[in-house]
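Below: the structure, in structure tokens.
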Amino acid sequence: MKKLRVMSVFGTRPEAIKMAPLVLELKKYPEIESICCVTAQHRQMLDSVMEVFDVQADADLNIMAPRQTLSSITCKCLTGMDDVIEELKPDLILVHGDTSTTFAGALAAFYHQVAVGHVEAGLRTYDRYSPFPEEMNRKMVGAIASLHFCPTENNRKNLEKENITEGVFVTGNTVIDALKTTVREKYHFATEELNHLPYDTKKVILVTCHRRENYGEPMKNIMLALRQIAQTHEDVELVYPVHLSPVVRDAVKEYLEGAPRVHLIDPLPADEMHNLMGRCYMVMTDSGGLQEEAPALGKPVLVLRKETERPEAVAAGTVKIAGVEQDNIVKMATELIASREAYEKMAHAVNPYGDGEACRRIAEAILWHFGKRSEKPKDYHGM
Ligand code: UD1
Ligand code: UDP
């Protein structure tokens, strides 16, 4: 029997965290040959994830350059993928989410007339410049893909509005599958400093910030807000694993370095990050992935953006949009720090994004689509 060759393509940290469990799940099925191609749009941050999940790349485009532009990422991925597709001849290419790797990976597949499956399909803000360039990337991939794996019913409805109704499956988000393997009760951090944070006596706030549309004035406002929060609350410790982007690191250096009660650390391996999230008091972030993970761990999230394509946890009450203005961020954080009642209202574990079975549903949907299963997998309906 000829196996179905499924090639997962990814390049950045969040794609890797959400695709690694799928690459591994696909390996369990005798009808499938699961291979993976990394673009290495991120180098160190990608390699760290590959190590945590013990996934090896079958092809590595190694494209990352310091301060890379969107065009350079797209061009390098696109031309690099030509050779890989010709050599490895996949039957299906899986891409994830909305990065430049995602878009270029899908476009390269299309140029070679290879079917595309879009994991984490159907997220939308309906603002083409926010998040930038992600909103347009995911729309373009939606137009190219034959299979669409939506984390939630809301995502499926978004695709329906664009007349995408064929090959659509609601699966849950694979990030919840990943969390199930990384979070442990008696976890010992390899990053020694994290074992000694005052989780029980102070409020440890986990912070990340990296988005391109926040570069410049918004990022400055966010950093100044974080500084003010740390300065004015003696019972707070901010822990900030700083993204390796030089633009982000420059802003952090200028506005946050030396501030009291602010711990600036290097990016953490995914398992360390997830366990830190499980122990912290709350999360402040502009990250997409953290908005999905923190609610599952019962941690309130203040989103450092003007909007979100993940309204499910906002509706569930565990995520709030804090925006990118200094005063408002400080005000909203202060409320959560000072008011037990406000905090308790947000601090309950909800899982609108999945039940940890997303990878299995995606694998079964692929097998069904290619005629190797008679039953279509049931959609995920929330927990
Ligand atoms: C990218 C994605 C964004 C995603 C984010 C996750 C695009 C356009 N953006 O943004 O959707 O949310 O990843 O983190 O696809 N760098 C390193 N080492 C690394 C990683 C990055 O040095 O391991 C530095 C490099 O100088 C690189 C820069 O960071 O040029 C920016 O990386 P890039 O992938 O272009 O943008 P991100 O902001 O990371
Ligand atoms: N993450 C990590 N180490 C860190 C910061 C984040 O492993 O130091 C994880 C985080 O838990 C989540 C993912 O990286 O799974 C989110 O990636 P990022 O914020 O870079 O991108 P986004 O989700 O915004 O696209």
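Going through (1) more than 13 Å from ligand 1 (Cβ to nearest atom); (2) of a type in the set (D, E); (3) within 18 Å of N173 (Cα to Cα) one by one, E292 falls short only on (1). The residue list D98, D54, D91 contains one member that is surrounded by fewer than 19 Cβ atoms within 10 Å (Cβ to Cβ), of a type in the set (D, E) and in contact with a helix residue (DSSP H, G or I) (Cβ under 9 Å, 6 or more places away or on another chain), which is D54.
Results for (1) exposed (fewer than 13 other Cβ atoms within 10 Å of the Cβ); (2) of a type in the set (V, I, T); (3) touching a Cys at 6+ places or on another chain (Cβ under 6 Å); (4) closer than 23 Å to R305 by Cα, shown as yes or no for each residue.
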site	(1), (2), (3), (4)
T165	yes, yes, no, no
V183	no, yes, no, no
F189	no, no, no, no
K203	no, no, no, yes
C209	no, no, no, yes
M219	no, no, no, yes
M223	no, no, no, yes
V242	no, yes, no, yes
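The single residue among V116, V84 that is more than 22 Å from S72 (Cβ to Cβ), modelled with pLDDT of 95 or more and either out of contact with any Ser or Thr (no Cβ under 6 Å at 6 or more places or on another chain) or assigned to a strand (DSSP E or B) (or both) turns out to be V116. Restricting the search to helices (runs of 4 or more DSSP H) fully inside the range 278-383 and requiring at least 1 residues that are in contact with a Leu (Cβ under 7 Å, 6 or more places away or on another chain) and modelled with pLDDT of 95 or more gives 288-296, 326-338, 340-346, 358-369.
Filter the range 9-50 down to residues that are within 13 Å of ligand 1 (Cβ to nearest atom) and of a type in the set (D, E) and give me whichever is farthest from D91 (Cα to Cα). In this case the residue turns out to be D47. Of the residues in the range 60-74, none is in a strand (DSSP E or B), modelled with pLDDT of 95 or more, touching a strand residue (DSSP E or B) at 6+ places or on another chain (Cβ under 6 Å) and under 22 Å from E120 (Cβ atoms). Taking every residue in the range 122-148 that is under 20 Å from T69 (Cβ atoms) and away from ligand 2 (no atom under 16 Å from the Cβ) and pairing it with any residue that is part of a helix (DSSP H, G or I) and not hydrophobic (A, V, I, L, M, F, W, C), at least 6 positions away or on another chain, the pairs with Cβ-Cβ distances below 7 Å are R128/E135; Y129/E213.
The values are calculated or read from the model by the stated rules, or taken from the named source; none is laboratory data. These figures come from a predicted structure and were not determined experimentally. Note that we place each Cβ from the backbone using ideal geometry, even for glycine, and neighbour counts take in every protein chain shown.
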